[in-house]
Amino acid sequence: MGPVRADLPVIDLQSPDIAAATKSIRQALVDYGFLYVINHGIDGATMKSVYAESKKFFEQPMEEKMALEKNSSHRGYIRPDFEGFEADAGGKGDLLECFHIGSGKSNDANQWPSADRFPSWKETMESYYDCAIFLKSDYVCMFGPFTTGSAMKSKYGSDHGANAHTDYGMLTLLSTDGTPGLQICRDKDARPQIWEDVHHIPGALVVNIGDLLERWTNNVYRSTLHRVLMVGKERYSVAFFVWPSPDTMVTCIESCCSEANPPRYPPIRSDEYLEQRLTSTYKYK
Ligand SMILES: O=C(O)CCC(=O)C(=O)O
Ligand SMILES: [Fe+2]
């Protein structure tokens, strides 16, 4: 028998019953750290163009892609076997290719393919980015009023997937081209680990919690271990990572601790935490 299907809740972001939707979101984040959202406002045409542009970029010869290799701000192209998630420390990196875009159109650290050969690349990616930012703001207000940073990653793989890992930031909004492979492991300490398939729901986005939010909520919300197994077919996905603004002090949220359940982690600035995590991920250079 293959892995079971993860029975993740589907949250309708246009639901008129906000109280019920909020309750389901909270429960899903406590139980799984993963959920689906529908009616999220990113239209099918935008999605389609992001995949078409990604495909065109990743299909280029390696030397063309390497001309935009990731810079010190972690923006740009990441070749296969470069991104090593900590969960596999000592092992090899992922056999996936990625392209990272960072927050803000004014951000000079971003790298873009040449406008001659990719006339609509930048515009397409920025348009998706803007939709995701708009969407993210609905979520972020649940956690309090602070501004956020973010990054977007377009990924491509054909033979091997992503090693088991948790995401680092606050939230991840994930879209895939429908090719299966994503799996979650709800109890990271269980042995053997039990993996469940996250099936594709056309048009839905998968939302999951990252380690920073787990830390912020004193482990009330779960950053769930996940991985991507390849099924011998090419697969594209786009992940949008939501981070708090760099100077945010991540100090245990009051309602998540008490005398009996004291904070497990000392306060840390958001940029310090993320830099530590990014540096250890990209140590394979
Ligand atoms: O491609 C996917 O389905 C998941 C990718 C992922 O987990 C990540 O980029 O952090
Ligand atoms: Fe991930």
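The values are calculated or read from the model by the stated rules, or taken from the named source; none is laboratory data. What you see is a predicted model; the values in this text were computed from it and never measured. In this analysis, Cβ positions are derived from the backbone assuming ideal geometry, glycine residues included, and neighbour counts consider all displayed protein chains.
The table that follows gives values for the structure above.
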item	result
Only one of R269, R227, R222 that is of a type outside the set (F, W, Y), more than 16 Å from ligand 2 (Cβ to nearest atom) and in contact with a strand residue (DSSP E or B) (Cβ under 7 Å, 6 or more places away or on another chain)	R269
Of the criteria (1) part of a loop (DSSP other than H, G, I, E, B); (2) among the aromatic types (F, W, Y); (3) modelled with pLDDT under 60, which one Y139 fails	(1)
Output for the range 248-261, where each listed residue is touching a residue at least 40 places away in the same chain (Cβ under 8 Å) and in contact with a Lys or Arg (Cβ under 9 Å, 6 or more places away or on another chain)	T248
Breaking point among (1) hydrophobic (A, V, I, L, M, F, W, C); (2) at pLDDT 90 or above; (3) farther than 18 Å from V238 by Cα, for I38	(3)
Cross-chain or 6+ apart pairs with Cβ under 6 Å, the range 230-247 first and touching a residue at least 24 places away in the same chain (Cβ under 8 Å) and closer than 16 Å to G210 by Cβ, then part of a strand (DSSP E or B) and hydrophobic (A, V, I, L, M, F, W, C)	A239/L174; F240/M152; F240/L173; F241/A151; V242/L171
Search result, residues across the range 108-135 that are modelled with pLDDT of 85 or more and surrounded by 18 or more Cβ atoms within 10 Å (Cβ to Cβ)	N110, Q111, P113, W121, T124, M125, Y128
Residue count for the range 59-90, restricted to those that are part of a helix (DSSP H, G or I) and either among the small types (G, A, S) or at pLDDT 90 or above (or both)	6
Positions within the range 191-216 being part of a loop (DSSP other than H, G, I, E, B), among the β-branched types (V, I, T) and at pLDDT below 95, in sequence order	I194
Filter result for T279 (under 24 Å from F99 (Cβ atoms) and assigned to a loop (DSSP other than H, G, I, E, B))	no
Qualifying residues in the range 166-188 (those that are among the hydrophobic types (A, V, I, L, M, F, W, C) and in a strand (DSSP E or B)) - the one nearest to E214 (Cα to Cα)	L171
Candidate set from the range 230-249 (those that are away from ligand 2 (no atom under 16 Å from the Cβ) and outside any loop (DSSP other than H, G, I, E, B)); member that is surrounded by the fewest Cβ atoms within 10 Å (Cβ to Cβ)	M249
The listed residue being charged (D, E, K, R), within 16 Å of ligand 1 (Cβ to nearest atom), modelled with pLDDT under 90 and surrounded by fewer than 18 Cβ atoms within 10 Å (Cβ to Cβ), out of K105, K188	K188
